[in-house]
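Every read-out reported here was derived from the displayed coordinates using simple, explicitly stated rules and does not represent laboratory data. None of these values were measured; they are calculated from a predicted model. We place every Cβ from the backbone using ideal geometry, glycine too, and count neighbours over all the protein chains shown.
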Amino acid sequence: MKDLFAQGNETGEKSLDQRILELFREKKGGVVSGEELSSALGVSRTAVWKHIKTLKAIGYRFTAIPAQGYRLVSSPDILVPAEISSGLVTRRIGRRFICFRETESTNMVAFRMAEEGAEEGTVVVAEAQHLGKGRLGRRWESPPGVNLYCSLILRPPILPTQAAQLTFLSAVAVTRAITEMTLLQPVIKWPNDVLVGGGKVAGLLNEMSAETEKVNFIVLGIGININMRRDQFPNDLRHPATSLALETGREVSRLEFTRALLTALDDSYDAYLTNGYDTIREEWLSRFSMNGREVRVTFQNNSQAGMVMGIDDDGALLLRLHDGRVERVLAGDVTIL
Ligand code: BTN
């Protein structure tokens, strides 16, 4: 029997636990009788009771009302389909959720699913990753229960050369969700880091499958440090990192944050498909922290310094070198001088 997490199972079919929770949600805090649950789900009352016990063990609180049934009193802050999709109203993003207690990397899972034909809007989420992937082959620290690690499958009708626009779109959605949930004002560091107070709070890793003139799919991978504590960050980070909880001084609901992020992604993707890239680009530039700054960009064994002059439509950083030439930089690590 599948539990609340689609653990190791990528079919996305609903678990009995999920259906039990949906029945409680429909009652909006009211009492649901054991009889109602067992006949709606087609299982015995003993089976219903066993599932309520499992749900209690992962943090759901029920009260038993003698001779009437159960009331759902509170839900834990866990990232499972039944919770994320509750009250979420989106057009494309979140048509299907696959959630794991732990997986290698949500990007890897989403990429495989997309290759097998998973539909646009599929979202893969994990409570922890043991092979979390960062940019340029680095690892992404992914301890359980504190952050958000998710990957979305999109199938936009664009050319491969336009794919970087989706990275900008996801960075914009991340900054919107952060401001909505915390009132913090994040900035974007090229190519795809989101910073608060100088520390990195989110990273984006987008991967694509394409032919010469057609994108098959794009996986948008998003990692957000939500409630990570100082001692959970590794010591060997190249750049300072932070979390929303460290910046606000309070815990942030991961579920509410996830819903805010998926809504922002859905809105900006809809705007992108309807009106094109211009509005996304403007919003991205309004959050871009590096215009006019002297920086050094390092990529593999190459390093060049210059002044940031903006970005172009393909997502390249425009760097004015000291000899006056403007260079298009396609990849690298930026340090502000
Ligand atoms: C970066 O280096 O800044 C990019 C980090 C991207 C991390 C996210 S977490 C969810 C998704 N799955 C992964 O393995 N990586 C991305």
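Both numbers refer to the Cα atoms of segment 72-216; Rg and Dmax are 15.6, 54 Å.
Once both labels are positioned 7 Å from their Cα atoms along Cα-to-Cβ, the gap between Lys214 and Gln300 label points is 3.1 nm.
With a sphere of radius 13 Å drawn around the Cβ of Asp266, what net charge do the other residues whose Cβ falls strictly inside it have (Lys, Arg +1; Asp, Glu -1)? Result for the neighbourhood of Asp266: +2. A straight chain from Val187 to Ala40 at 0.36 nm per residue would run longer than the Cα-Cα distance by 48.0 nm.
Extension gain for the segment Arg328 to Asn235, taken as residue separation times 0.36 nm less the Cα-Cα distance, is 30.2 nm to one decimal.
In whole angstrom, segment 153-295 maps to an equivalent ellipsoid with semi-axes of 26, 17, 15, each derived as √(5λ) from the alpha carbon gyration tensor and ordered largest first. Normalising the average separation of contacting C-alpha pairs (under 8 angstrom, six or more residues apart) by the number of residues puts the relative contact order of segment 1-127 at 26 percent. For the chain, the relative contact order comes to 13 percent (Cα pairs under 8 Å, sequence separation of at least 6). Other residues within the sphere of radius under 14 Å centred on the Cβ of Glu247, judged by their own Cβ, net out at +3 (K and R +1, D and E -1).
Here the simple spin-label model places points 7 Å from the Cα toward Cβ, and for Leu285 and Arg92 these points are separated by 2.4 nm. With respect to the chain, whose longest principal axis is taken over its alpha-carbon atoms, helix 106-115 is tilted by about 90°.
The equivalent ellipsoid of segment 133-236 has semi-axes of 26, 16, 12 Å, largest first, where each one is the square root of 5 times an eigenvalue of the Cα gyration tensor. When Phe62, Phe97 are arranged by Cβ crowding within 10 Å, least crowded first, meaning fewest neighbours, the order is Phe62, Phe97. Applying 0.36 nm per residue to the separation of Thr63 and Arg293 and subtracting their alpha-carbon distance, the gain on full extension is 77.0 nm. Computed on segment 286-337, with alpha-carbon pairs under 8 angstrom and 6+ residues apart, the relative contact order is 35 percent. Within the shell defined by Cβ-Cβ distances under 14 Å, the residues around Asn275 carry a net charge of -4, with Lys and Arg each +1 and Asp and Glu each -1. Once the Cβ-Cβ distance of Leu337 and Ser74 is raised to the sixth power relative to R0 = 56 Å, the FRET efficiency obtained is 0.65.
How would the chain be classified by its alpha-carbon gyration tensor: rounded, prolate or oblate, with rounded meaning a/c under 1.5 and the a/b versus b/c comparison settling the rest? Prolate, because a/c is 1.5 or more and a/b exceeds b/c. The lysine pair count for the chain, using Cα distances under 25 Å and pairs eight or more places apart or on different chains, is 20.
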